[in-house]
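Peer 1: Just passing along the structure, written as structure tokens.
The values are calculated or read from the model by the stated rules, or taken from the named source; none is laboratory data. Everything quoted here is computed from the prediction, not taken from an experiment. In this analysis, Cβ positions are derived from the backbone assuming ideal geometry, glycine residues included, and neighbour counts consider all displayed protein chains. Remember, those area values only see protein heavy atoms, side chains included, never the ligands or the DNA or RNA. Shrake-Rupley method; radii C 1.70, N 1.55, O 1.52, S 1.80 Å.
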Amino acid sequence: MKPHHRIFFIQFAVALSLGAFVSRLPDLQLKFSLTEGELGLLLAVLSSGVLCGLTFSVRFIERLGARTTAFVTVFGASLFFALIPWMQSALLAVPLFFIAGVFTGAFEINANIETDRHEALLGYRIMSRAHGMWSLGFCITALVAAGMRQAAVSIELHRFIVLVSSATVGLRRCAARRDPKVVHVRNRQARPPALAGEWSERKVLPVGSKYYKRPPEI
């Protein structure tokens, strides 16, 4: 498997974990006896963790390296999302929401940096496909979660199954990943901006010259 294909699978694994958690939010609301506003506050805590992960994780990624960071963030996010349903109250789940958000934000930074690095090595764009795998993971896990809710599978068991599957897929790809070899990069000449070629070959003439043509006003 090519190195950039492993990035696709890691994106898919984290989307499986996060999507399964989001799809079972109604069950989590019933378990903790939350109102819509209280559930919204918990999601705000999750979003705050993601924001902190996006903002402050860059230096840790530089120290740990892309491979170790992918290993830690994939397993960490899946683990904390799986632990949330086991808490006895929403107050005890608040720190887990925040930590899971931090891991998710750090994963996003690491995955996007690695995807951009592979784009530079390959010479063509793969960012849209990477995010397409993220969307595919959300779609599949939503369908599976609907079936599990219909079959009355508990949220704890569902989260444990997702933890095992996403961690297995993600961590295997992280462990098998090697830095890609340098490949030939296609030489692409930068396309000049609009109207640049029209004026670049004209000589600079004084304004009062009879050959001077005032450019059209926009």
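Peer 1: Please work out if Gly49 is open to solvent by less than 40 Å² (accessible area, probe 1.4 Å), over 15 Å from Phe75 (Cα atoms), part of a helix (DSSP H, G or I) and touching a residue at least 24 places away in the same chain (Cβ under 8 Å). Give the steps one after another, and end with the answer.
Peer 2: Working: open to solvent by less than 40 Å² (accessible area, probe 1.4 Å): yes; over 15 Å from Phe75 (Cα atoms): yes; part of a helix (DSSP H, G or I): yes; touching a residue at least 24 places away in the same chain (Cβ under 8 Å): yes.
Yes: the conditions hold for Gly49.
Peer 1: Now for a separate question. Free of Cβ contacts under 8 Å to residues at least 40 places away in the same chain and under 30 Å from Lys2 (Cα atoms): is that true of Arg59 in this structure? Outline the logic, then answer.
Peer 2: On the way: free of Cβ contacts under 8 Å to residues at least 40 places away in the same chain: yes; under 30 Å from Lys2 (Cα atoms): yes.
It is true that Arg59 is free of Cβ contacts under 8 Å to residues at least 40 places away in the same chain and under 30 Å from Lys2 (Cα atoms).
Peer 1: I've got another one for you. Only residues that are open to solvent by 60 Å² or more (accessible area, probe 1.4 Å), in contact (Cβ under 8 Å) with a residue 24 or more places away in the chain and either among the aliphatic types (A, V, I, L, M) or not in a helix (DSSP H, G or I) (or both): list them for the range 124-143, please.
Peer 2: Across the range 124-143, the qualifying residues are Tyr124, Leu136, Ile140.
Peer 1: In the set Glu38, Glu62, which member is part of a helix (DSSP H, G or I), loosely packed, with under 14 Cβ neighbours inside 10 Å, of a type in the set (D, E, K, R) and at pLDDT below 90?
Peer 2: The unique qualifying residue is Glu62.
Peer 1: Does any residue in the range 21-39 that is farther than 14 Å from Val153 by Cβ come within less than 9 Å, Cβ to Cβ, of a residue that is in a helix (DSSP H, G or I) and of a type in the set (Asp, Glu) six or more places away or on a different chain, and which pairs are these?
Peer 2: Gln29/Glu36; Gln29/Glu38; Phe32/Glu38
Peer 1: Next question, about the same structure. Sort out which residues of the range 86-111 are over 18 Å from Gly49 (Cα atoms) and in a helix (DSSP H, G or I), and write them in order of number.
Peer 2: The answer is Trp86, and nothing else.
Peer 1: While we're here: Within the range 149-160, take every residue that is over 14 Å from Val22 (Cα atoms) and of a type in the set (A, V, I, L, M, F, W, C) and give me the one that is surrounded by the most Cβ atoms within 10 Å (Cβ to Cβ). Let's see the steps before the verdict.
Peer 2: We begin by selecting, within the range 149-160, every residue over 14 Å from Val22 (Cα atoms); these are 150-154, 157, 160.
With the extra rule that they be of a type in the set (A, V, I, L, M, F, W, C), the set shrinks to 151-153, 157, 160.
Values: Ala151: 8, Ala152: 6, Val153: 16, Leu157: 11, Phe160: 14.
The qualifying residue surrounded by the most Cβ atoms within 10 Å (Cβ to Cβ) is Val153.
Peer 1: Right, here's the next one. Answer yes or no as to whether Ser165 is in a helix (DSSP H, G or I) and open to solvent by 40 Å² or more (accessible area, probe 1.4 Å).
Peer 2: Yes.
Peer 1: Now for a different question. Filter the range 101-134 for residues that are under 10 Å from the mean Cα position of the chain (by Cα) and polar (S, T, N, Q) and give the result.
Peer 2: Thr104, Asn110, Asn112, listed by residue number.
Peer 1: Would you point out which residue out of Leu83, Leu121, Leu91 is open to solvent by 20 Å² or more (accessible area, probe 1.4 Å), free of Cβ contacts under 8 Å to residues at least 12 places away in the same chain and not acidic (Asp, Glu)?
Peer 2: Criteria check complete, one pass: Leu91.
Peer 1: Can we say Ser78 is on the phi < 0 side of the Ramachandran plot, surrounded by fewer than 16 Cβ atoms within 10 Å (Cβ to Cβ) and of a type in the set (Ser, Thr, Tyr)?
Peer 2: For Ser78, the condition - on the phi < 0 side of the Ramachandran plot, surrounded by fewer than 16 Cβ atoms within 10 Å (Cβ to Cβ) and of a type in the set (Ser, Thr, Tyr) - is not met.
Peer 1: To continue, here is another question. Quick one: which of Thr73, Thr68 is surrounded by 15 or more Cβ atoms within 10 Å (Cβ to Cβ), in a helix (DSSP H, G or I) and among the β-branched types (Val, Ile, Thr)?
Peer 2: One residue alone meets the criteria, Thr73.
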